[in-house]
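The values are calculated or read from the model by the stated rules, or taken from the named source; none is laboratory data. Note that this is a predicted model, so its numbers are computed, not measured. A quick note on method: Cβ atoms are made from the backbone with ideal geometry, for glycine too, and the neighbour counts reach across all protein chains shown. In case anyone asks, the SASA skips ligands and DNA or RNA and just uses the protein heavy atoms, side chains included. Shrake-Rupley method; radii C 1.70, N 1.55, O 1.52, S 1.80 Å.
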There are 2 protein chains.
Amino acid sequence: MSDHPSQVLATFAASLAFDDIPAPVVVRAEELLLDWLGSCLAGHGARPVETLERFARAMGPDGGSSEVLISRRLTSPFFAALVNAAASHFAEQDDVHNGSVFHPATVVFPAALAVAQALGSSGRDLLTAAVAGYEVGIRVGEFLGRPHYKVFHTTGTAGTLAAAAAAGRLLGLSPAQMLDAFGSAGTQSAGLWEFLRDAADSKQLHTAHAAACGLSAAWLARDGFTGARRILEGEQGMAAGMSRSANPARLTDRLGQRWALAETSFKYHASCRHTHPAADALLQVVKTHRLAPAQIARVTAHVHQGAIDVLGPVVDPQTVHQAKFSMGTVLGLIARYGRAGVEEFASSFDDAEVAALRDKVAMELDAEVDQAYPVRWIGKVTVLTTDGRELHGRVDEPKGDPGNTLSRSELEDKALRLAAFSRAADAAQMQTVLASIRSLARAERIGRLMPSHA
Amino acid sequence: MSDHPSQVLATFAASLAFDDIPAPVVVRAEELLLDWLGSCLAGHGARPVETLERFARAMGPDGGSSEVLISRRLTSPFFAALVNAAASHFAEQDDVHNGSVFHPATVVFPAALAVAQALGSSGRDLLTAAVAGYEVGIRVGEFLGRPHYKVFHTTGTAGTLAAAAAAGRLLGLSPAQMLDAFGSAGTQSAGLWEFLRDAADSKQLHTAHAAACGLSAAWLARDGFTGARRILEGEQGMAAGMSRSANPARLTDRLGQRWALAETSFKYHASCRHTHPAADALLQVVKTHRLAPAQIARVTAHVHQGAIDVLGPVVDPQTVHQAKFSMGTVLGLIARYGRAGVEEFASSFDDAEVAALRDKVAMELDAEVDQAYPVRWIGKVTVLTTDGRELHGRVDEPKGDPGNTLSRSELEDKALRLAAFSRAADAAQMQTVLASIRSLARAERIGRLMPSHA
């Protein structure tokens, strides 16, 4: 192991070339960008997101090189990154890397897109930068580890480094400048979970802050602004201040061989991740046996202890947000609509039929499922039908995980649904946007992604 | 003690009225503003500061309500606060609160001035807001404590809250909104000492980040953006994540009775604080006995252990920055010029006469001085003259501390010298600026402090 892992990681990020990246990883990066776009548009109209957009209007320039996707307004890279990052972490539909408990897209793509638009970078450069951001951010998240995550929102903290890596790669930073950018990013790194207790708006502030500060760290480094050379592992660095069990070896884990980006999961259902395995297993039963809701007498979800801890208290959800943490509601929506997406939650989380299904659902601790967790998220359900049959469903990897990923058309469908739901764009506009995403890797110059308002 | 100290402190900051503040505290606040102005202008031309100003030009609007003092450019409050905060923490001449190891002016005044100029607030409102910022920031620094300071730059971390309090007071936040602002500020709070090892540029980034993020937290709170209600003391708040011995009682210590602002020290000499007591004691001897440099055969500085630890290694300083940590150089400048200001360091730190004096200086551990430290910083020197006399100098409080403070005219002189040194403004311009600072408390509307470029 290197005695200067920050430098090794910075050199990797600064030196990464498009041709170094295996073709399937490039394809996955394109898909993650597409998925991010949908999540970003889903933030349109959300109060905390629109508040940050008003702040950006007040503090940033009116006009510029970079696009705020929800408003289609142009401004400076700093504020475009800030608002897009806030927007894409609102609907809880953005991607997640399980091992690092880190949401990469919502911090990496806002910084990368804003800089790419400012520089007129190519699609290949944008994708290369995104890969650099994912590889750095995920390893920083793994390095900071679980004790860090207990108090800090890793997407905010590691996310600052991830954004700096992506922006810095586009800016063509040398390895030494990239190390400076890491220093300036890490020393601005922040984000505490305390807001959860009050259901406050900080979640979007964390991603906004990470993307904007990471971008600024890279921008400053290009202009000669220096930073700590061991901001991650140093005696007064991030691990010393913000973690109790950081493992520096994780920072440089198989760089260039292991592509952490490809381990990232898409979110399929619009609910808490702990509900997803059972939802997939129930969907399997419902489809295989063509069950109508009225045929269901009882559903047992066989789950790991963590699911019981998080979801157990939610028995009578009063809001959409609470309903996303109700196993009964999620399985009720699946049984009724075959989906648990943002539209189904918004329109039907508390209607009578779904509530009736909800009350037929029970969770039960399952030894096999519990032992496999968190390496594998097995989904198992038993359905008792009104005519007395006992039906079993099982998935070994929830939909969206790398071994059970979403197809390109499922991802496009997800983006269309999210944009329609938030009214960020109509279907015709979205077809244009999706077409330009499809050809992005061949684009010589990244321009606007959204059609401008007339 | 309250079980919700964040709320008590936020309510104090939101409710503080000009008439609540004792007249001497108001006068001191005016003096601290004057002192801050000089420190801010001293950052003119400094590479890291000018790099941040270029960043602000690239990312912020060209034009606006708020003034960047070093360039006299107008921009948005966010970027004016950001650059002014960077500028005022460069020359190491800004104020310090000993107990909290916190530099209040460099984070409080940039946020307060930027918002006051945006709103057209009165001088009284600006001063009231500054007092709120000092009282909050100092108490947060004391709360986070020494273990926090070992890894974190308290001026960056507590500074975010201080800036939010000052900006929030000007914005007229309700107590509930101020608590939201604290939540959004604390969850962006950052700044690690790791950069010291590499003499990197992060120090100015920390104050820039604190002032800008604190201002944004307050701005967002006015617009309904919510934050954690116990960001300081909560189970996943700042203390939980960033300190090991936080004492919540410090947050609410004698609010409205104890004025922590008035405990703040001005910096007089432009050197490490550990040199100041001996410098003052030597100045006393030199003045009393009208000693010429050639009459000095030997100087013994009787010091505390901390001074030996920090200053001991510096025997042959190669740069101005190192020279500020050389007891011999500082006492040499005092003996030669009667001053150890920025000009003396820049022009003479390594000239032959000062170097010769430097080599006549020795430090010696003194039991009385060491025991009194850090509550009192006693200065004691013994001077052996070439004609065989042994002369003793002693000060019980270094110049700049509240019991031995700088007069208004000394503060104006300091500001004039700093502005002249950095070429931020000429003497005639500075006379205009100082006159407007003198009448600031009576100003109905805070406008530009600096004359605009023609």
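Per residue, chain B exposes 33 Å² of solvent-accessible protein surface, assessed with a 1.4 angstrom probe and all protein chains in place.
Once you divide the Cα radius of gyration of chain A by 2.2 N^0.38 Å, the number left is 0.97. Counting heavy atoms of the protein chains alone, B:Asp3 has an accessible area of about 120 Å² for a 1.4 Å probe. Computed from the C-beta positions of B:Asn98 and A:Arg258, the FRET efficiency with R₀ = 41 Å rounds to 0.25. With every protein chain in place and a 1.4 angstrom probe, the accessible-area ranking of B:Phe102, A:Phe90, largest first, reads A:Phe90, B:Phe102. Computed from point charges on the beta carbon alone (+1 for Lys and Arg, -1 for Asp and Glu), the dipole magnitude for the protein assembly as shown about its Cα centre is near 740 Debye. Rounded to the nearest 20 debye, the dipole size of the range B:360-454 about its Cα centre is 640 debye, using +1 on the Cβ of Lys and Arg and -1 on the Cβ of Asp and Glu.
Only lysine pairs 8 or more places apart, or on different chains, with alpha-carbon atoms under 21 angstrom apart are counted in chain A, and they number 19. The A and B chains share an interface that buries close to 4800 Å² of accessible area, total over both sides, probe 1.4 Å.
Using a 7 Å projection from Cα along Cα-to-Cβ, the label point at A:Ala176 is separated from the same position in the remaining copies by 5.5 nm, smallest value first. Between the helical axis of B:276-288 and the longest alpha-carbon principal axis of chain B there is an angle of about 50 degrees.
Sorted shortest first, the distances from the A:Asn404 label point to those of the same residue in the other copies are 7.4 nm; each point sits 7 Å from Cα along Cα-to-Cβ.
If you take the Cα centroid of the range A:218-232 and the Cα centroid of the range B:304-364, the two points sit 31 Å apart. Residue separation of A:Ala372 and A:Asp223 scaled by 0.36 nm, minus their Cα-Cα distance, works out to 48.8 nm of gained length. Cβ-Cβ distance of B:Ala356 and B:Ser407, R₀ of 30 Å, FRET efficiency by 1/(1 + (r/R0)^6): the value works out to about 0.35. List, by residue number, every residue in the range B:35-81 with a reduction of 50 Å² or greater in accessible area between the chain on its own and the complete protein assembly, 1.4 Å probe. By number: B:Thr51, B:Phe55, B:Met59, B:Phe78. Sorted largest first by accessible area at a 1.4 angstrom probe radius, with every protein chain in place, the residues B:Lys360, B:Lys150, B:Lys399, A:Lys267 fall in the order B:Lys150, B:Lys360, B:Lys399, A:Lys267.
Using alpha carbons only, the radius of gyration of the protein assembly as shown set against its Kirkwood radius gives Rg/Rh = 1.03. Averaging Cα coordinates gives a centre for the range B:75-123 and one for the range B:421-454; these two points are 16 Å apart.
Converting the Cα gyration tensor eigenvalues of the range B:11-125 into ellipsoid dimensions via √(5λ) gives semi-axes, longest first, of 25, 18, 11 Å. In the complete set of protein chains, residue-level accessible area for A:Glu31 is approximately 20 Å², probe 1.4 angstrom. For the range B:136-294, a Kirkwood hydrodynamic radius built from all Cα pairs, placed in the Stokes-Einstein relation at 20 °C and 1.002 mPa s, yields a translational diffusion coefficient of 124 µm²/s. Largest accessible area first, the listed residues A:His321, B:His274 line up as A:His321, B:His274 when surface is computed with a 1.4 Å probe on the assembled protein chains.
Rounded to the nearest 20 debye, the dipole magnitude of the range B:15-150 is 440 debye, with +1 charges on Lys and Arg beta carbons, -1 on Asp and Glu beta carbons, and the Cα centre as origin. In this structure A:Trp219 has an accessible area near 40 Å², from a 1.4 Å probe over the protein heavy atoms. Here B:Thr386 yields copy-to-copy label distances, from shortest upward, of 11.2 nm, the label point defined as 7 Å from Cα along Cα to C-beta.
A convex hull fitted to the Cα coordinates of the range A:273-399 yields 90 cubic angstrom per residue.
Seen against the Cα atoms of chain A and their longest principal axis, helix A:427-438 is set at about 60 degrees.
Using θ = phi - 60° in the Karplus curve 6.51 cos²θ - 1.76 cosθ + 1.60, the 3J(HN,Hα) couplings for the range B:322-336 round to 4, 4, 6, 10, 10, 4, x, 5, 4, 5, x, 5, 4, 5, 7 Hz; x is entered for Gly and Pro.
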